[in-house]
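Q: Okay, handing you the structure first.
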Amino acid sequence: MYDIIEGLPSTHGDHYQLNTTTLITHAARTYPEQEIVYRTADGGWDRYTYADCYRRVRQLGNVLRTLGVGPADVVGVLDWNSKRHFESYWAIPALGAVLLQMNLRLGAEDLAFVTDHSHAKVVLVDETLLPVAESLASAGVGVRTWVVMTDKPLSEVATTLPNVVSFEELMAGATDEIAFPMIGETSAYSACYTTGTTGRPKGIYYSHRGIYLHAMAQAQVLSMTADDTVLLITPMFHGNCWGLPQSGVLAATRFVLPGRYVAEDTSVLVDVMAAEKVTVANGAPAIFEPMLRYIETLTDKPDFSNTRMLSGATEPPLSMMKGFHDLVGADIVQGYGATETTPLVTTNRGIKPSLRGLTEDEQWNHKRYQGLPMIGIDIRIVDAVGDDLPHDGVSAGEILVRGPWIIESYYDLDDNDSRFLDGYWRSGDVGTIDEYGYLKVTDRIKDVIKSGGEWISSIDMENAIAGHPNVLEAAVIGVAHPKWQERPVVLVATKDGADLPLAEVHALLDGKFAKWQLPDVVIRQDSLPRTSVGKLDKKVMRVTHADIYAQEA
């Protein structure tokens, strides 16, 4: 850690708090006419203004108060990237309550744990996600009130949820007159849980101050202004939608909220980007690649020459970055971070003036780096004993991160010490920093699997599969996949030497893992390779089966 030296007291208004309410209030006051475009339930598009949005935010604040929501209470949201979800991003924290981001990609068991562990008392749920909410209710979570978000009368909505009320019916009866309190900047504005690299998901509770400063840094590094239009592609139910709702409102940009979409058909995203002249968007290569494939089929290519596409989750292929640049002029901006980091730690926007003498190929190669630290972020690369390594672009070590929006502990977790070193969060990633200050992630320490931008715990999956009566031993490894970065492969030795059907493995994992996490391949072996000390030798396994998905390229 570090000592804080107090100098001469200032005469600044240091008691004025940095919180999300000041962001939306300022935007609605100074840019009331700025548009927010949103997807409707029938798949069409509509629009309203910042002034309209803030009026509904105030109404929602009164609605939540009538439901008994106050400071330090937790309100969950089960929704897509919708107009109502956007409003909840501001109304819930404005009461001093905590917005719980309920990750739809979690398995039922983990999502129930998150709901209970956070002590959520109210949950807002989109009508299309009622089955998810009903599974949570049947699991016995302690939610007191379920608020259904739909355009239909509540009498026309079929659900088994207890204590159900209608979002829009309550809004219709609510006044927009409200005096939001001044929320302390170190209070939690939102909570998000990791997808569980090992064991249960872990809670990250973001402060108003942290997200405010993150918004300022992100707006600066992406050069965001009121002339921009931001498309929120990354789910709003995880990782603060990468902070773009807050940085966009800070910069008073236009917004486009795409609602529900699927990775199998991203044409709607490309079409709305062209129609609304989107200049900033966020997503993972698993989403951007299909978008590029769709653009390639268009006779008239859109002009995205002023568009910055913030790409995270995994390193985007160079061919994809060049494809967007050559076809439509878009700039793929790499971002590195995690749920624990709000999320941005580094970005790779443009190239430093000192490197502009590099050849074109060398400059493109530098686009593969995860980039430079955000303002205010401190990064160390350390060896196995915690000693700092040189910034030579070659010496690889664990990435440690510290800063105003980086966590210093997990919520209500006994085992915190091992996850931090000298006040730095231990990322579990391995990387290098070159002489110009660029971070390059090279590997991961643990044997977790990253598929489509989300983690899958190999240990938890192995333990579940080991419960099969015919399994002698099991291992789960991550194998490179051309679309999803990695996919899990199961290796088993069975007691009778027979194959283990994939359907039986899926049955074992049902409820413990989300469908997208389930493995695609089961390989039976007589025995699994082990190291000299008896541990499963996953390095050998990964090399042996490295090409199993090559035919899908």
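The values are calculated or read from the model by the stated rules, or taken from the named source; none is laboratory data. On a predicted model such as this, the values are computed, not experimentally measured, just so you know. Neighbour counts run over all protein chains shown; Cβ positions are idealised from the backbone, glycine included.
Q: Can you list residue pairs whose Cβ atoms sit under 6 Å apart, with the first residue in segment 478-506 being on the phi < 0 side of the Ramachandran plot and the second being of a type in the set (Lys, Arg) and in a loop (DSSP other than H, G, I, E, B)? Count only pairs 6 or more apart in sequence or on different chains.
A: Once the first residue is on the phi < 0 side of the Ramachandran plot and sits in segment 478-506, no partner that is of a type in the set (Lys, Arg) and in a loop (DSSP other than H, G, I, E, B) comes close enough.
To keep it simple, each residue is scored yes or no on (1) hydroxyl-bearing (Ser, Thr, Tyr); (2) surrounded by 17 or more Cβ atoms within 10 Å (Cβ to Cβ); (3) at pLDDT below 90.
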{"residue": "TYR436", "(1), (2), (3)": "yes, no, no"}
{"residue": "LEU439", "(1), (2), (3)": "no, yes, no"}
{"residue": "THR442", "(1), (2), (3)": "yes, no, yes"}
{"residue": "VAL448", "(1), (2), (3)": "no, yes, yes"}
{"residue": "GLY452", "(1), (2), (3)": "no, yes, yes"}
{"residue": "TRP455", "(1), (2), (3)": "no, yes, yes"}
{"residue": "GLU462", "(1), (2), (3)": "no, yes, yes"}
{"residue": "GLY467", "(1), (2), (3)": "no, no, yes"}
{"residue": "LEU472", "(1), (2), (3)": "no, no, yes"}
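Q: Contact list please: Cβ distance under 6 Å, first residue in segment 1-16 and over 20 Å from GLU185 (Cβ atoms), second residue surrounded by 10 or more Cβ atoms within 10 Å (Cβ to Cβ) and among the small types (Gly, Ala, Ser), pairs at least six apart or on different chains.
A: Partner pairs satisfying both residue conditions: MET1/GLY423.
Q: Let me ask you something else. Would you say ILE377 is touching an Asp or Glu at 6+ places or on another chain (Cβ under 9 Å), touching a residue at least 12 places away in the same chain (Cβ under 8 Å) and either buried (at least 17 other Cβ atoms within 10 Å of the Cβ) or within 25 Å of GLN485 (Cβ to Cβ) (or both)?
A: Spelling it out, it is not the case that ILE377 is touching an Asp or Glu at 6+ places or on another chain (Cβ under 9 Å), touching a residue at least 12 places away in the same chain (Cβ under 8 Å) and either buried (at least 17 other Cβ atoms within 10 Å of the Cβ) or within 25 Å of GLN485 (Cβ to Cβ) (or both).
Q: Specify the residue that is surrounded by the fewest Cβ atoms within 10 Å (Cβ to Cβ); the eligible residues are those in segment 382-409 that are assigned to a strand (DSSP E or B) and within 24 Å of the chain's Cα centre (by Cα).
A: Applying the filter and picking the extreme gives ARG402.
Q: Residue by residue through segment 133-151, note down the ones that are buried (at least 18 other Cβ atoms within 10 Å of the Cβ) and not in a strand (DSSP E or B).
A: Matches in segment 133-151: ALA133, LEU136, ALA137, VAL141, VAL143, THR150.
Q: Among the listed residues ASP271, ASP265, which satisfies the condition of being at pLDDT below 95 and either surrounded by fewer than 23 Cβ atoms within 10 Å (Cβ to Cβ) or of a type in the set (Val, Ile, Thr) (or both)?
A: So the residue among ASP271, ASP265 that is at pLDDT below 95 and either surrounded by fewer than 23 Cβ atoms within 10 Å (Cβ to Cβ) or of a type in the set (Val, Ile, Thr) (or both) is ASP265.
Q: Determine, yes or no, whether ASP116 is surrounded by 24 or more Cβ atoms within 10 Å (Cβ to Cβ) and of a type in the set (D, E, K, R).
A: No, not satisfied.
Q: Which of (1) touching a Phe, Trp or Tyr at 6+ places or on another chain (Cβ under 9 Å); (2) at pLDDT below 95 does ALA137 not meet, given it meets every other one?
A: (2)
Q: Restricting the first residue to segment 335-364 and requiring it to be within 13 Å of GLY437 (Cα to Cα) and among the aromatic types (Phe, Trp, Tyr), which pairs with a second residue that is surrounded by 13 or more Cβ atoms within 10 Å (Cβ to Cβ) and modelled with pLDDT under 95 meet a Cβ separation below 8 Å and a spacing of at least six or different chains?
A: none
Q: Going by what's in this entry, would ILE375 be described as part of a strand (DSSP E or B), at pLDDT 95 or above and either among the acidic types (Asp, Glu) or out of contact with any Cys (no Cβ under 6 Å at 6 or more places or on another chain) (or both)?
A: Answer is no for this residue.
Q: A follow-up question, please. Only residues that are hydroxyl-bearing (Ser, Thr, Tyr) and closer than 17 Å to THR442 by Cβ: list them for segment 313-337, please.
A: Once the filter is applied, which keeps residues that are hydroxyl-bearing (Ser, Thr, Tyr) and closer than 17 Å to THR442 by Cβ, segment 313-337 yields THR314, TYR336.
Q: Tell me the residue from LYS512, LYS495 that is touching a helix residue (DSSP H, G or I) at 6+ places or on another chain (Cβ under 9 Å), over 20 Å from THR544 (Cα atoms) and either modelled with pLDDT under 90 or among the β-branched types (Val, Ile, Thr) (or both), please.
A: Result: LYS512 is the single residue among LYS512, LYS495 that is touching a helix residue (DSSP H, G or I) at 6+ places or on another chain (Cβ under 9 Å), over 20 Å from THR544 (Cα atoms) and either modelled with pLDDT under 90 or among the β-branched types (Val, Ile, Thr) (or both).
Q: Could you say whether any residue in segment 180-197 is of a type in the set (Phe, Trp, Tyr), under 24 Å from GLY61 (Cβ atoms), under 18 Å from the mean Cα position of the chain (by Cα) and modelled with pLDDT of 95 or more?
A: yes
Residues checked against (1) under 19 Å from GLN517 (Cβ atoms); (2) in the same structural domain as GLN517 (by TED's automatic domain parsing); (3) out of contact with any Cys (no Cβ under 8 Å at 6 or more places or on another chain); (4) polar (S, T, N, Q):
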residue: ALA72; (1), (2), (3), (4): no, no, yes, no
residue: HIS85; (1), (2), (3), (4): no, no, yes, no
residue: ALA94; (1), (2), (3), (4): no, no, yes, no
residue: VAL98; (1), (2), (3), (4): no, no, yes, no
residue: ASN103; (1), (2), (3), (4): yes, no, no, yes
residue: VAL114; (1), (2), (3), (4): yes, no, yes, no
residue: VAL125; (1), (2), (3), (4): no, no, yes, no
residue: LEU129; (1), (2), (3), (4): yes, no, yes, no
residue: GLU134; (1), (2), (3), (4): no, no, yes, no
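Q: If you don't mind, another one. For segment 126-133, check the following and say yes or no: at least one residue is among the charged types (D, E, K, R), in contact (Cβ under 8 Å) with a residue 24 or more places away in the chain, more than 26 Å from GLY511 (Cβ to Cβ) and in contact with a helix residue (DSSP H, G or I) (Cβ under 8 Å, 6 or more places away or on another chain).
A: For segment 126-133, residues among the charged types (D, E, K, R), in contact (Cβ under 8 Å) with a residue 24 or more places away in the chain, more than 26 Å from GLY511 (Cβ to Cβ) and in contact with a helix residue (DSSP H, G or I) (Cβ under 8 Å, 6 or more places away or on another chain): absent.
Q: Same structure again: When you scan segment 213-322 for strands (runs of 3 or more DSSP E) that lie fully inside it, which ones turn up with 3 or more residues that are within 19 Å of the chain's Cα centre (by Cα)?
A: Ranges flagged: 254-257, 280-283, 308-311.
Q: Scan segment 99-106 and give yes if some residue there is part of a loop (DSSP other than H, G, I, E, B), among the basic types (Lys, Arg) and in contact with a helix residue (DSSP H, G or I) (Cβ under 9 Å, 6 or more places away or on another chain), otherwise no.
A: The answer is yes, given that some residue of segment 99-106 is part of a loop (DSSP other than H, G, I, E, B), among the basic types (Lys, Arg) and in contact with a helix residue (DSSP H, G or I) (Cβ under 9 Å, 6 or more places away or on another chain).
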